[in-house]
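Student: Next up is a structure, given as structure tokens.
What follows draws every value from the coordinates through simple rules; no lab data is involved. Owing to the predicted nature of the structure, the values given are computational and were not obtained by experimental measurement. No Cβ is skipped: glycine too gets one built from the backbone with ideal geometry, and neighbour counts run over all protein chains shown.
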Amino acid sequence: MLPVQRKTRTQGRNRRSHDALTTPRAVHCPNCGSWKRPHAACNDCGYVRPGLSLKKDDA
Ligand SMILES: [Zn+2]
């Protein structure tokens, strides 16, 4: 299928006004200070939140 009629520059640009990508969120791990995704376990130390830590050698 082809478009019935070519969209104007403004229509194309307006449609793409919502296409921008956001940078991936990252926070400092309060336990070891390395970057980690929010609400996820830290890659380096396994810290999630106070009272919960996911790490093989800890458990
Ligand atoms: Zn950590």
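Student: Please report, in whole Å, how far the alpha carbons of the chain spread along each principal axis, starting with the longest.
Tutor: Sorted largest first, the three principal extents are 63, 24, 16 Å.
Student: Further question: From the helices alone, meaning DSSP H stretches of at least four residues, give me the mean residue ellipticity at 222 nm for the chain, per-run term -39500 (n - 2.57), in deg cm²/dmol to the nearest 500.
Tutor: -3000 deg cm²/dmol
Student: Given the options 31, 4, 48, identify the residue whose Cα lies farthest towards the positive end of the charge dipole of the chain (+1 on Cβ of Lys, Arg; -1 on Cβ of Asp, Glu).
Tutor: 4
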